[in-house]
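Inspection log for the structure reproduced underneath, given as structure tokens.
The values are calculated or read from the model by the stated rules, or taken from the named source; none is laboratory data. Just so you know, these numbers come straight off a predicted model, no measurement behind them. Every residue, glycine as well, gets a Cβ built from its backbone with ideal geometry; the counts of neighbours run over all protein chains shown.
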Amino acid sequence: MKYLVNHQSELSAWEKQFEGYVSMRNAFESITAKQYEEMIEHNLYDNYKDVLSVIPSGDEKEIVANIEDRVASTVVNDRGLIQIGSDVYKIDRDKVVKFSKYTTGIEGNQYSSSNVAEGITVNAIKRGLFKSSSVRGARPNDERNNIIEYWHNTSKRRLIGTVYDWGPGITEGVHIGLQTKHQRRLTGIWYAEEIPSINLIGSGSYQTYQNGVPVGGPIAFNTGTLSSSNNNYLNYTIQYGGSYGYSFVSVSSTHSGTCKDNNFRTFTW
């Protein structure tokens with residue numbers, strides 16, 4: 001995990017080392033616009049339930065990855081499974097289920113259905129937003145305050161910035177990071193849509209904890225300028241879980257992108 005945090009531009013290359021392995025990150029990022037449209041129009045969400053969830057977003061709904069942290073979702077396969085020692089864990093959007101025995105390894109994305117019934121829910125997912133802000137568009141009273149919304153052709157789009165923490169409940173560890181993403185709305189459902197460029201800059205500090213006790217003092221971070229072309233989101237993991245927990249002390253971030261209408265939009269926290 002430490003290697004991936006320090007080499008976040010190499011997640012796909014790292015995954016390709018393992019023949020037959022498909023990560024949750026890869027599976028989610030591979031969903032096409034046509035598949036999203038069919039999913040929404042024909043209510044096919046169950047076909048993707050190991051990878052994504054539909055959650056409330058104000059008065060509407062949003063399709064999101066079950067694990068939005070790109071590093072964490074790289075070490076979990078496209079069935080939501082990760083093996084730690086002799087145990088296998090199934091990570092959904094809101095819970096972690098532990099399987100203490102299994103008949104096949106998960107390297108090839110297989111697990112024994114006979115063992116699914118033996119799974120025990122060991123923890124709920126810890127998830128939180130540190131803060132959110134926005135440059136609001138046409139609806140100044142919109143309660144969803146971490147977005148820029150705009151219209152292109154006949155569809156509404158939005159650019160979102162997030163500062164997050166995420167804990168899978170397997171260990172004490174909590175991942176912290178920043179994210180910029182872009183979405184399109186179809187019949188009240190928001191889904192990922194790529195744009196020509198998407199960007200992220202962040203700096204600040206975080207505190208390390210072990211068993212709930214602070215370890216040392218605040219540690220500074222600076223992401224530098226991060227950019228991705230023809231993508232729908234850009235995520236940066238600042239620190240990862242393991243036996244430690246992390247929380248932000250301070251953070252400043254700029255989220256921007258060249259949107260679907262070729263206009264550049266940006267906001268800073």
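Which residues, taken from segment 217-249, are of a type in the set (Phe, Trp, Tyr) and assigned to a strand (DSSP E or B)?
Listed by number, the residues that qualify are PHE221, TYR233, TYR236, TYR246, PHE248.
Would you mind telling me which numbered condition in (1) modelled with pLDDT under 55; (2) under 17 Å from GLY241 (Cα atoms); (3) not aromatic (Phe, Trp, Tyr) SER113 fails?
(2)
Just the residues that are without any contact (Cβ under 8 Å) to a residue 60 or more places away in the chain and not charged (D, E, K, R), please, taken from segment 1-23.
TYR3, ASN6, HIS7, SER9, SER12, ALA13, GLN17, SER23
Which one is surrounded by the most Cβ atoms within 10 Å (Cβ to Cβ), of the residues in segment 255-269 that are part of a loop (DSSP other than H, G, I, E, B) and either without any contact (Cβ under 8 Å) to a residue 12 or more places away in the chain or not acidic (Asp, Glu) (or both)?
Ranking the qualifying residues of segment 255-269, first place goes to CYS259.
Of the residues ILE82, ILE40, ILE91, ILE31, which is touching a Pro at 6+ places or on another chain (Cβ under 7 Å) and either buried (at least 19 other Cβ atoms within 10 Å of the Cβ) or not hydroxyl-bearing (Ser, Thr, Tyr) (or both)?
ILE91
Can you give me the number of residues within segment 185-202 that are outside any strand (DSSP E or B) and over 12 Å from LEU159 (Cβ atoms)?
3
Suppose the filter is assigned to a loop (DSSP other than H, G, I, E, B), touching a residue at least 40 places away in the same chain (Cβ under 8 Å) and surrounded by fewer than 19 Cβ atoms within 10 Å (Cβ to Cβ); does SER252 pass it?
No, not satisfied.
Would you call TYR150 outside any loop (DSSP other than H, G, I, E, B), of a type outside the set (A, V, I, L, M) and modelled with pLDDT of 85 or more?
yes
What are the pairs with Cβ atoms under 8 angstrom where one residue, in segment 73-92, is touching a residue at least 24 places away in the same chain (Cβ under 8 Å) and small (Gly, Ala, Ser) and the other, located anywhere, is assigned to a loop (DSSP other than H, G, I, E, B) and surrounded by fewer than 19 Cβ atoms within 10 Å (Cβ to Cβ)? Sequence gap at least six, or different chains.
That search, which allows pairs on different chains as well, returns GLY80/ASP92.
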